[in-house]
Amino acid sequence: MNASGDSAGPARGSLRIPLDRVVVVHDEIDLPFGEVRSRLGGGLAGHNGLKSLKRGFGDAEFWRVRVGVGRPDSTDPDVVASYVLSRFREPQAEVEELVSRAADEAEGLVERIASPAE
C-alpha cells in the first residue's frame, strides 16, 4: 500500500479514469474497529498509502472507503506502524464481518458513482 501510487497513478492515466471515479479501500486508525465510512477526498492523516496515491494521482480528490481498525494506545510512529501491520486482535468472525461490510460499501459506492442520480 505504501507505494501504491507508483502503479495506480500511471494506470489511471493510461485508462483515462476521472479521479472522482477512483475508489480506494484502506485501513483507518481514526475510526473504531468495525466502523466503515466512505467519502470523497479529505486529509491523508499520515497514511503512507494515501500519500503515495496522492503523489501518483496528482491530487487527493478520490473516493475512499475507510475501514476502521482502531488506534493503539500510543502515538509513537513505530508502535502505530507495528499495530497496523499486525494481525487483528478481534475474533475472526468480527474481522470477516468487517471485511464483508467494507466490500459491500465499496460495491455500493462504485454503483453510485457509475450511475449518479439525474
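Nothing in this text is a laboratory measurement; each read-out follows from the coordinates by a stated rule. In this text the structure is predicted, and so the values were computed from the model without any measurement. Note that we place each Cβ from the backbone using ideal geometry, even for glycine, and neighbour counts take in every protein chain shown.
Kindly express, to the nearest 10 degrees and within the range 0 to 90, the angle between helix 92-114's C-alpha long axis and the longest C-alpha principal axis of the chain.
It works out to around 20 degrees.
What is the packing order of peptides 8-18, 40-50, taking the mean over residues of other C-beta atoms within 10 Å and listing the highest first?
Listed from highest to lowest mean packing, they are 40-50, 8-18.
Expressed in nm to one decimal, what extension gain is obtained for the pair Arg21 and Asp76 from 0.36 nm per residue of sequence separation less their Cα-Cα distance?
Between Arg21 and Asp76, full extension yields an extra 16.3 nm.
From the mean inverse distance of alpha carbon pairs (Kirkwood) and the Cα radius of gyration, derive Rg over Rh for the stretch 54-103.
My calculation puts Rg/Rh at 1.06.
For the chain, what does the relative contact order come out to in percent, with C-alpha contacts under 8 Å and a separation of six or more?
34
Hey, what do the phi angles of the stretch 46-55 turn into as Karplus ³J(HN,Hα) couplings, whole Hz, using 6.51/-1.76/1.60 and θ = phi - 60°, x for Gly and Pro?
Going residue by residue, I get x, 6, 4, x, 5, 4, 5, 5, 4, 4 Hz, with x marking Gly and Pro.
Taking a temperature of 4 °C and a viscosity of 1.567 mPa s, what whole-number D in µm²/s does Stokes-Einstein yield for the chain with Rh from Kirkwood over alpha carbon pairs? Present the calculation step by step, with values, prior to reporting the outcome.
Numbers: Rh = 15.2 Å.
D, rounded to a whole number, is 85 µm²/s.
Quick query: amide H of Glu35 versus all other amide H atoms, modeled in the peptide plane; which residues come in under 5 Å with a sequence gap of 5 or more or a different chain?
Under 5 Å from the amide H of Glu35: Gly68.
Quick one: putting +1 on the C-beta of Lys and Arg, -1 on the C-beta of Asp and Glu, what dipole do you get for the chain around its Cα centre, in Debye to the nearest 20? Intermediate values should be presented prior to the final figure.
Working: 15 positive and 20 negative charges, 100 e Å.
So the magnitude is around 480 debye.
Helix-only mean residue ellipticity at 222 nm, the chain, DSSP H runs n ≥ 4 weighted -39,500 (n - 2.57), per residue, nearest 500. What is it?
One gets -14500 deg cm²/dmol as the mean residue ellipticity at 222 nm.
Just name one of Gly49, Val69, Gly13: the one whose Cα is farthest towards the positive end of the charge dipole of the chain (beta-carbon charges, Lys/Arg +1, Asp/Glu -1).
Gly13
Evaluate Rg over Rh across the stretch 75-114, taking Cα atoms for both radii and Kirkwood's formula for Rh. Mind showing how you got there, number by number?
Details: Rg = 14.5 Å, Rh = 12.2 Å.
Rg/Rh: 1.18.
Between Ser14 and Arg101, what length in nm is gained on full extension when 0.36 nm per residue of separation is reduced by their alpha carbon distance?
Answer, rounded to one decimal: 28.3 nm.
When a/c reaches 1.5 or more, the comparison of a/b and b/c decides; with that in mind, is the stretch 22-87 rounded, prolate or oblate per its Cα gyration tensor?
It comes out oblate by the Cα gyration axes.
What's the local net charge at Leu50, with K and R +1, D and E -1, over the other residues with C-beta under 11 Å away?
Cβ neighbours under 11 Å give a net charge of +3.
Going by Cα centres, the stretch 90-110 and the stretch 1-34 are how many Å apart?
Computed from Cα coordinates, the inter-centre distance equals 17 Å.
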